[in-house]
Amino acid sequence: MSHARHRVGAWIGWAFFADLASALALTFGYMFSRSVTMQYPDKEKWLPYPRYRGHHFLTRDEKGEIKCVACELCARICPCDCIEVIPYEDEKGNRHPAKFEIDMARCLFCGLCEDACPADAIALGQQYEFSSFSSSDLVVGRDDLLGKPGKARTGGGVVAARLNTEQDVLVETSEPQGYNWWRNIRRT
Amino acid sequence: MELIVALGLIVLKVALLIAILLLLPLPLTWLERKIAGHIQQRMGPMRVGWHGLLQPVADGIKLLTKEDHIPDDADRFLFKLAPILALAPPFVVFVAIPFGETVSVLGTEITLYVSNMNVALLFVFAVIGIEVYGVIFGGWAANSKYAVLGSLRTCAQMISYEIPMGFAVIGVVMLAQSMSLLEIVRAQADVWNIVYQPVGFFVFFVAGLAEAQRIPFDLAEAEGDLGAGFHTEYSGIRFAFFMVSEYAIVFLVSVLTVILFFGGWNGVLVPLPPLLWLLLKVAFFVYLFIWFRFTFPRYRYDQLMAIGWKVLLPLSMANIIITGIVFS
């Protein structure tokens with residue numbers, strides 16, 4: 001009996017396009033839900049996690065001396081041969097790089113240099129915005145590498161982006177769990 | 001003197017109509033992209049102007065400055081003729097379409113229509129039928145498989161959906177005892193036709209969707225299987241012509257639906273200016289077109305033909321018979 005009634009209901013629904021109407025109701029609901037877009041160059045910008053491999057940076061020890069000992073292991077292990085190191089010896093007999101150049105245009109961001117480094121001097125940081133109009137600008141020297149930002153601490157947060165001109169913009173400081181991508185996704 | 005004033009008025013109205021129709025795609029494309037974006041939880045255009053309001057202008061400039069490419073083996077004459085043939089009928093149709101009774105400007109009563117034909121409805125259907133030539137010439141002249149397949153589909157679709165569309169409005173004509181759109185609206189002053197003609201409205205609107213080649217009936221330009229359908233080979237300003245014609249037809253079908261079934265500029269409850277009432281209703285139907293587009297999937301070709309000939313045509317016939325029996 002109930003089965004027959006169900007079938008009659010289904011036929012009535014079919015005749016009056018119940019399925020199409022429910023589809024329309026669903027999309028109408030979606031239209032007024034918050035969008036998940038991150039307006040990257042204009043407003044917000046995503047912060048990478050600590051494991052992210054971005055632009056290289058060179059570190060200093062606590063005395064402010066460059067940690068690199070110019071052993072050239074990074075240059076050896078580099079699969080695309082993009083690191084060039086020329087060492088020198090200071091008056092105390094410590095080796096340091098006189099020239100430390102990374103060709104970012106050739107680098108494939110594998111992180112092997114970071115793994116090979118015996119002095120923890122080179123690592124791949126969080127910076128990912130370094131596009132340029134000429135590939136010669138992408139050859140980065142020692143002093144620039146020393147000034148680059150390090151690894152992200154928490155990561156996954158959202159901050160104001162470079163092109164942002166408005167003050168009152170959505171800035172989410174780094175949440176402990178990182179940016180919740182599913183926050184605005186409507187799930188029914 | 002009076003003749004010159006009347007003539008000038010007509011020229012002015014026609015110029016205004018052409019300007020409005022040519023500029024109509026600007027807000028409509030913006031609206032369509034915005035609605036599409038928000039339905040899909042995106043934002044749509046945001047970068048050019050406030051919330052991307054100037055995006056259509058930028059797109060227009062882009063289309064104007066792009067290369068106007070004509071394929072090597074194309075039939076050059078038909079290739080150039082087709083966009084104009086597709087563009088002209090939707091513009092010509094609006095000569096017969098009233099947007100209201102009269103408004104008084106500077107003490108003179110000005111009618112809100114270019115001409116009050118006594119066979120306006122027939123004129124509309126006759127002229128809109130010509131649009132299929134633009135589509136089929138465009139597809140044929142481009143000498144491309146996709147374009148020919150697309151225009152073949154469009155041709156079959158338009159011809160088979162014009163029949164139920166024509167039958168669907170006969171019920172309205174029977175109620176109003178006139179084919180003049182002005183008389184049809186006047187006859188709906190108390191009760192809108194949708195009350196007496198729900199089936200007629202349904203058939204007309206579905207056929208209108210097919211006529212405007214919108215989803216779920218946009219087989220002619222099914223992106224997945226035909227590239228872009230009949231205008232695959234068009235670029236630059238000629239492509240823009242097809243786009244303008246498409247949006248003009250969306251607008252036309254919305255206006256016709258409102259005039260025939262939803263009381264035209266007759267309002268209910270809220271006393272707004274008649275023209276505003278008409279525009280509000282038309283805006284709702286234009287929104288419905290866009291809403292449908294981002295909700296429904298596309299029908300298969302045989303399903304499209306089955307709906308046209310096996311569902312809509314018998315429904316519209318039954319509608320005529322029942323209307324005839326009840327109102328005689």
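The values are calculated or read from the model by the stated rules, or taken from the named source; none is laboratory data. Since the model is a prediction, treat every value here as computed from it, not as a measurement. Please note: Cβ atoms are built from the backbone with ideal geometry, for glycine as well, and neighbour counts cover all protein chains shown.
Among the candidates B:Phe242, B:Phe230, B:Phe289, the residue that is assigned to a helix (DSSP H, G or I), touching a residue at least 12 places away in the same chain (Cβ under 8 Å), in contact with a Lys or Arg (Cβ under 7 Å, 6 or more places away or on another chain) and not acidic (Asp, Glu) is uniquely B:Phe289.
Give the range B:35-47 a look and list any residue that's surrounded by fewer than 17 Cβ atoms within 10 Å (Cβ to Cβ) and in contact (Cβ under 8 Å) with a residue 40 or more places away in the chain, or say none. B:Ala36, B:Gln40, listed by residue number.
Of the residues making up the range B:96-136, those that are of a type outside the set (Gly, Ala, Ser), surrounded by 15 or more Cβ atoms within 10 Å (Cβ to Cβ) and in contact with a Ser or Thr (Cβ under 6 Å, 6 or more places away or on another chain) number 3. Residues in the range B:48-64 that are exposed (fewer than 14 other Cβ atoms within 10 Å of the Cβ) and within 14 Å of chain A (Cβ to nearest Cβ): B:Trp50 alone. The conditions of being closer than 27 Å to B:Thr29 by Cα and touching an Asp or Glu at 6+ places or on another chain (Cβ under 7 Å) are met by B:Ile290.
Here A:Pro48 meets each of (1) more than 10 Å from chain B (Cβ to nearest Cβ); (2) surrounded by 12 or more Cβ atoms within 10 Å (Cβ to Cβ); (3) at pLDDT below 85; (4) more than 30 Å from A:Phe130 (Cβ to Cβ) with one exception, condition (4).
Within the range A:58-86, take every residue that is hydrophobic (A, V, I, L, M, F, W, C) and assigned to a loop (DSSP other than H, G, I, E, B) and give me the one that is surrounded by the most Cβ atoms within 10 Å (Cβ to Cβ).
A:Cys68
Taken as a whole, the condition of being in contact with a Pro (Cβ under 7 Å, 6 or more places away or on another chain), in contact (Cβ under 8 Å) with a residue 12 or more places away in the chain, buried (at least 16 other Cβ atoms within 10 Å of the Cβ) and in a strand (DSSP E or B) applies to A:Pro97. Taken over the range B:117-151, the criterion of being more than 19 Å from the chain's Cα centre (by Cα) and charged (D, E, K, R) is satisfied by B:Lys145 alone.
Yes/no per residue for (1) in contact with a Phe, Trp or Tyr (Cβ under 9 Å, 6 or more places away or on another chain); (2) more than 14 Å from chain A (Cβ to nearest Cβ); (3) within 24 Å of B:Leu81 (Cα to Cα):
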| site | (1), (2), (3) |
| --- | --- |
| B:Ala187 | no, yes, no |
| B:Gly208 | yes, yes, no |
| B:Phe239 | no, yes, yes |
| B:Gly263 | yes, yes, no |
| B:Pro273 | yes, yes, no |
| B:Trp291 | yes, no, no |
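For the range A:3-38, what are the residues that are part of a loop (DSSP other than H, G, I, E, B) and in contact (Cβ under 8 Å) with a residue 60 or more places away in the chain?
If the condition is that a residue be part of a loop (DSSP other than H, G, I, E, B) and in contact (Cβ under 8 Å) with a residue 60 or more places away in the chain, then A:Ser33, A:Arg34, A:Ser35, A:Val36, A:Met38 are the ones that fit.
Comparison of A:Ala119, A:Ala123 shows that the only residue that is at pLDDT 85 or above, in contact with a helix residue (DSSP H, G or I) (Cβ under 9 Å, 6 or more places away or on another chain) and of a type in the set (Gly, Ala, Ser) is A:Ala123.
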